[in-house]
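Below is one structure, written out as structure tokens, with a few remarks after it.
The values are calculated or read from the model by the stated rules, or taken from the named source; none is laboratory data. Every value quoted in this text rests on a predicted model; they were computed, and no experiment measured them. Neighbour counts are summed over all protein chains in view; Cβ atoms, including those assigned to glycine, are modelled from backbone coordinates with ideal geometry. All accessible areas refer to the heavy atoms of the entire protein, side chains included, with ligands and DNA or RNA removed. Shrake-Rupley method; radii C 1.70, N 1.55, O 1.52, S 1.80 Å.
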Amino acid sequence: MLRFAVAVLVAVLSVAALADGQKTRADRVALPTIKIEQGDACVAPTSEMRRDHMKFLLHQRDRTVHQGLREPRHSLKNCVDCHASRESGSVLGKDGFCASCHAYASVSIDCFECHTPLRQRAATKAPK
Amino acid sequence: MSVDRRQFLAWGTVAAGAALAPGLRLIELAQARSPQEAASVLQRWGLLIDITKCTDCDRCVSACHEENGVSGHERPATDAQWIRTVGLRDTRTGHAQTLPLMCQHCEHPPCVDVCPTGASFKRDDGIVLVDKHICIGCRYCVMACPYGARSFVHEAVSGQKADVPRGKGTVEACTLCVHRVDRGEAPACVQTCNRDGGKAMAFGDLNDASTEIHRRLRSEPSRQLRADLALNTGVRYQGL
């Protein structure tokens, strides 16, 4: 019985400590706001998107501009349509999908000097 | 811009200049390519502009700039201009004409020849473009173009159209509304001219014998601006 009570106590304490640790870490480093507001899945598995989204974009960019291939799957317009915030309609701004993760990872991109960061139409399904 | 008519004509070899055909119709575009199908060398997009029907309106200009989100800062010397109207006047008779002038989508484009990075290029279907991702803003192409058709973006841009990204430090020009052409639509200037203007502009595939533009180029006189340069332009004029 005693042993059981101790086990419970330890468990409770360690959960509390873990939560505490997470809280202080979150306070120190502003984690990116990755808020998925629409769509049930991305155009590739999340782990792949995290690592390779820039490759998809740059590849698609050349296909579209030079060959006139306009497949929607890796089109930048399409990422924006799905990932723009419901509130601001944009992927930029403090909590913007692209901006906040890039700020966290200290990446700067110039794409939105030319490309609009604003959603044009509601996207709900990942295109093939 | 105003040019003396003689001088303007002297730019090119003076070909025949007979009467003109009525009844420009809105282009029948064969079919939109599927998004998985690349632009093809079998096609060559072009324009045919009958300037006897070109009235003094500038609807093509406003339609173009609206479609492509080309807005200026009220600074005519530096604001981007994808299409403009040029006035011609015969100094002897005073006969005046207006014509719209834009990138002529040359088969042998001087802008492409001089580009040091490969940003200026001709797509397989004849549309001459700037790949702004590669453009370093050197402006050699602006100098090389005999038609003065290219602009440099001098100032930061905001409020771009999703289909037409634009930004400071790159060169741009008429794209023949490549984003519309790829969806099977005619360029904005042509659509508007046929709806609200003088119906002076036709768009189509110069290689396809079944198109209106091909039929008219085959059976009616037309000319290229600065034909002496042998650039084989994709934009042709009638009534000049």
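Observations on the structure shown:
- Global form of the stretch A:32-123, assessed from the alpha-carbon gyration tensor, a/c cut-off 1.5: rounded
- Where A meets B: accessible area buried, both sides, 1.4 Å probe, Å²: 1600
- Summing Lys and Arg as +1 and Asp and Glu as -1 over all other residues whose Cβ lies under 11 Å from the Cβ of B:HIS154 gives a net charge of +1.
- The length gained by stretching the chain between B:THR55 and B:ARG195 to full extension, at 0.36 nm per residue less their Cα-Cα distance, is 49.0 nm.
- Cα centroid of the stretch B:53-120 to Cα centroid of the stretch B:175-204, whole Å: 15
- Distance (nanometres) between label positions extended 7 Å along Cα→Cβ at A:MET54 and A:ASP95: 2.7
- DSSP-assigned coil residues among trypsin sites (Lys or Arg not before Pro) in the stretch B:51-96, each with at most 12 further Cβ atoms within 10 Å: B:ARG92
- Contact order for chain B, expressed relative to its length and based on alpha carbon pairs under 8 Å spaced 6+ residues apart, stands at 34 percent.
- In order through the stretch A:66-73: 3J(HN,Hα) via Karplus (6.51 cos²θ - 1.76 cosθ + 1.60), integer Hz, x for Gly, Pro: 8, 10, x, 7, 10, 5, x, 3
- Between B:SER219 and B:HIS73, the C-beta separation translates, for a Förster distance of 41 Å, into a calculated FRET efficiency of about 0.35.
- Anchor B:LYS199: aspartates and glutamates whose Cα lies under 15 Å away (excluding residues fewer than 8 positions away in-chain): B:GLU28, B:ASP50, B:ASP56, B:ASP58, B:GLU212
- Distance (nanometres) between label positions extended 7 Å along Cα→Cβ at B:ASN232 and B:ASN207: 1.1
- For chain B: span of alpha carbons on each principal axis (Å, largest first): 45, 41, 34
- Estimated inter-spin distance, A:SER88 and B:GLN36, nm [label 7 Å along Cα→Cβ]: 3.7
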